[in-house]
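A.B. asks: The structure that follows is given in the form of structure tokens.
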């Protein structure tokens with residue numbers, strides 16, 4: 001892949017201040033995250049929430065549950081696999097917009113309220129396990 005295919009549109013994260021990455025997400029069409037290890041990839045979730053299809057390498061915690069064929073590309077951790085996915089993104093045309101909508105939809109239930117609701121539900125179920133007392137959750 002040559003730089004002329006992407007023009008001046010590739011931004012490296014080292015060039016972007018952490019607090020000012022929002023505008024770069026908003027002007028992007030795809031988010032590429034080829035990482036070897038993440039405890040929880042907040043960056044991938046933020047990119048999906050910003051409406052970006054995501055190209056990400058397999059094996060990252062919290063990513064395989066989020067990224068699928070409908071909202072991005074989950075690829076092997078090789079340069080060739082990442083490059084192939086970038087080429088697919090270049091040729092996706094209007095389907096990229098569908099993927100962008102799917103990316104937003106995939107993170108809609110990952111906000112604080114949803115997490116608290118699911119934790120409370122889990123605690124309530126655990127409190128109802130036979131042989132254990134009922135515990136209140138507030």
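The values are calculated or read from the model by the stated rules, or taken from the named source; none is laboratory data. Given the structure is predicted, the values throughout are model-derived calculations rather than measurements. Neighbour counts are summed over all protein chains in view; Cβ atoms, including those assigned to glycine, are modelled from backbone coordinates with ideal geometry.
A.B. asks: Could you say which residue among 74, 66 is in the same structural domain as residue 47 (by TED's automatic domain parsing), over 16 Å from residue 46 (Cβ atoms) and not in a helix (DSSP H, G or I)?
C.D. replies: 74
A.B. asks: Taking the stated definitions as given, is residue 92 outside any helix (DSSP H, G or I), in contact with a helix residue (DSSP H, G or I) (Cβ under 9 Å, 6 or more places away or on another chain), modelled with pLDDT of 95 or more and in the same structural domain as residue 23 (by TED's automatic domain parsing)?
C.D. replies: No: the conditions fail for residue 92.
A.B. asks: Applying the selection to the range 33-56, what residues are outside any loop (DSSP other than H, G, I, E, B) and surrounded by fewer than 22 Cβ atoms within 10 Å (Cβ to Cβ)?
C.D. replies: Those that are outside any loop (DSSP other than H, G, I, E, B) and surrounded by fewer than 22 Cβ atoms within 10 Å (Cβ to Cβ): 33, 42, 43, 45, 46, 49.
A.B. asks: For the range 89-106, how many residues are surrounded by fewer than 16 Cβ atoms within 10 Å (Cβ to Cβ) and closer than 23 Å to residue 62 by Cβ?
C.D. replies: 3
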